[in-house]
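The values are calculated or read from the model by the stated rules, or taken from the named source; none is laboratory data. Quick caveat, the model's predicted, so the values are computed rather than measured. Note that we place each Cβ from the backbone using ideal geometry, even for glycine, and neighbour counts take in every protein chain shown.
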Amino acid sequence: MTSLGRKTMSLLRQLSIIFFCFEVTVYCQYEMHRMDEDYDEDGDDDYSPPFYFHPSRDGGIPSHPGPLSCAWECFCPLTFPSAMYCDNRKLKAIPKIPAHVQQLYLQYNDIEAVTAHSFANASNLKEINLGHNKIKSQQIEHGVFARLPNLLQLHLDHNDLEDFPLPLPNSLERLLLGNNAISRVEAYAMEGLINLTMLDLCHNQLHDSLLKEKLFQTRNLMQLSLCSNRLESMPPDLPSSLMHLSLENNSISLIPDNYFKKFPKLLALRLSYNNLQEIPYDTFNISSLVELNVGHNRLKQAFYVPRNLEHLYMEDNEFEYINVTLMCPSIDPIHYRHLTYIRLDQNRLKEPISSYICFCFPYIHSVYYGEQRKPDGQTVQLKTQVFRRFQADDEEEEEEEGDGQGHEPEGQEQGRTEENFDPYFY
């Protein structure tokens with residue numbers, strides 16, 4: 001290398017060192033400048049970090065302080081800031097509820113007690129779900145729910161309650177107490193619950209003696225569920241506002257005459273799994289009734305079917321013959337009856353219902369027979385009736401389910417008709 005080349009290389013090295021030092025100096029100054037801008041010794045009192053949430057311990061999501069608090073055991077979603085989710089977290093106690101919470105979900109835990117301390121600031125609560133816990137009646141602090149003036153819905157189902165929880169706020173609209181061990185209800189339990197529309201007491205230990213008083217006299221009660229208790233008779237003095245009544249899986253053997261005439265709004269009635277052997281002929285003459293279930297009893301004779309009834313369930317009874325004239329004593333060509341479906345499997349029928357049923361119930365679509373019991377204990381299969389006016393629709397559906405070329409699915413029987421009203425079997 002020549003002397004000139006060596007001098008050039010030396011000069012380039014020196015220039016590189018100078019530029020490097022200059023870069024470091026500028027960078028350090030820039031960083032110091034940013035640090036001076038970001039650091040505020042006095043702080044900003046007006047600054048508020050965004051809303052935060054606390055997931056469960058195992059969630060692995062970090063929490064950040066914020067203006068709306070959330071119990072650390074729970075989850076408060078940004079998209080639903082009025083709710084606090086504490087469900088399925090193996091909690092043994094209810095955490096302190098922040099004042100802004102309106103929906104509180106505590107189901108599927110190991111909670112045994114309800115104390116006023118947890119709800120001291122929770123006056124805005126509208127819904128509490130404490131279902132599927134281990135709460136006993138004596139472990140609910142007296143008046144803890146009554147102090148919540150905005151409460152609309154309370155879930156205490158699937159617990160260990162022995163008594164009806166008292167007192168409750170007048171604002172309450174829906175109360176779920178199913179799957180407990182409630183065997184005691186005070187006569188004044190419903191007093192003041194003027195807004196209650198739905199009450200579930202299924203799967204408890206209620207006896208007839210508990211329902212003799214005017215227990216359910218709440219003028220707005222629309223849905224009452226008393227299924228799977230120990231009732232032997234129809235509960236008296238139910239409110240006339242009822243629209244849905246569930247009494248299935250009890251031991252009721254008798255329906256008093258004119259019992260349902262005081263329920264002008266009743267839409268659905270469920271009396272399955274009882275001990276009914278006979279029903280007074282016009283018991284269900286309720287103009288509003290749409291669904292009736294008397295399956296799994298010991299009935300032998302048909303009864304009057306109201307004009308607006310659409311779904312009738314009579315499976316697993318002792319019917320040997322269905323007298324259509326009893327179900328429909330007269331035909332009104334102007335005011336048709338609306339029955340569309342009857343279920344009759346697990347009875348003792350030897351043949352399908354008379355085709356006269358089409359005159360009485362022009363909207364009837366099908367009658368399901370399924371298996372019928374024979375005197376020797378064997379069963380016989382009766383084919384479901386689908387009536388001819390619906391045959392075209394059914395065949396279109398069958399074609400769609402077939403091979404795509406208009407052929408019926410394999411094993412499907414061709415419809416047959418007799419006269420104008422005979423049913424189509426499949």
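The table below gives the values:
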read-out	value
In region 232-263, the residues that are assigned to a loop (DSSP other than H, G, I, E, B) and of a type in the set (Ser, Thr, Tyr)	SER233, SER240, SER241, SER251, SER253
Test for THR115: is it within 26 Å of ASN88 (Cβ to Cβ) and among the hydroxyl-bearing types (Ser, Thr, Tyr)	yes
Unique match (being closer than 18 Å to ILE279 by Cα, aromatic (Phe, Trp, Tyr) and touching a helix residue (DSSP H, G or I) at 6+ places or on another chain (Cβ under 8 Å)) among TYR313, TYR304	TYR304
Some residue of region 136-144 being free of Cβ contacts under 8 Å to residues at least 24 places away in the same chain and among the charged types (D, E, K, R)	no
Residue among SER354, SER287 that alone is within 27 Å of the chain's Cα centre (by Cα), at pLDDT below 95 and not β-branched (Val, Ile, Thr)	SER287
Matching residues, region 295-305, being touching a residue at least 24 places away in the same chain (Cβ under 8 Å) and either outside any loop (DSSP other than H, G, I, E, B) or at negative phi (or both)	GLY295, ASN297, GLN301, ALA302, PHE303, TYR304, VAL305
Within region 61-75, tally of residues that are within 27 Å of the chain's Cα centre (by Cα) and either assigned to a strand (DSSP E or B) or modelled with pLDDT under 95 (or both)	2
Residue check for GLU191: free of Cβ contacts under 8 Å to residues at least 24 places away in the same chain, in contact with a strand residue (DSSP E or B) (Cβ under 9 Å, 6 or more places away or on another chain) and either more than 28 Å from PRO149 (Cα to Cα) or of a type in the set (D, E, K, R) (or both)	no
Candidate set: region 82-101, residues that are without any contact (Cβ under 8 Å) to a residue 40 or more places away in the chain and under 21 Å from the mean Cα position of the chain (by Cα); chosen: the one surrounded by the fewest Cβ atoms within 10 Å (Cβ to Cβ)	ASN88
Hits in region 209-253 - residues which are closer than 23 Å to LYS265 by Cβ, hydrophobic (A, V, I, L, M, F, W, C) and touching a strand residue (DSSP E or B) at 6+ places or on another chain (Cβ under 8 Å)	PHE216, LEU221, MET222, LEU224, LEU226, CYS227, LEU238, LEU242, MET243, LEU245, LEU247
Residue in region 213-257 that is farthest from LEU177 (Cα to Cα), counting only those that are of a type in the set (D, E, K, R) and surrounded by fewer than 18 Cβ atoms within 10 Å (Cβ to Cβ)	ASP257
The one condition in (1) surrounded by 18 or more Cβ atoms within 10 Å (Cβ to Cβ); (2) not in a loop (DSSP other than H, G, I, E, B) that LEU266 fails to fulfil	(2)
Pair list, Cβ under 6 Å, 6 or more apart: region 217-241 residue under 17 Å from ALA187 (Cα atoms), other residue part of a loop (DSSP other than H, G, I, E, B) and among the aromatic types (Phe, Trp, Tyr)	LEU238/PHE216; PRO239/PHE216
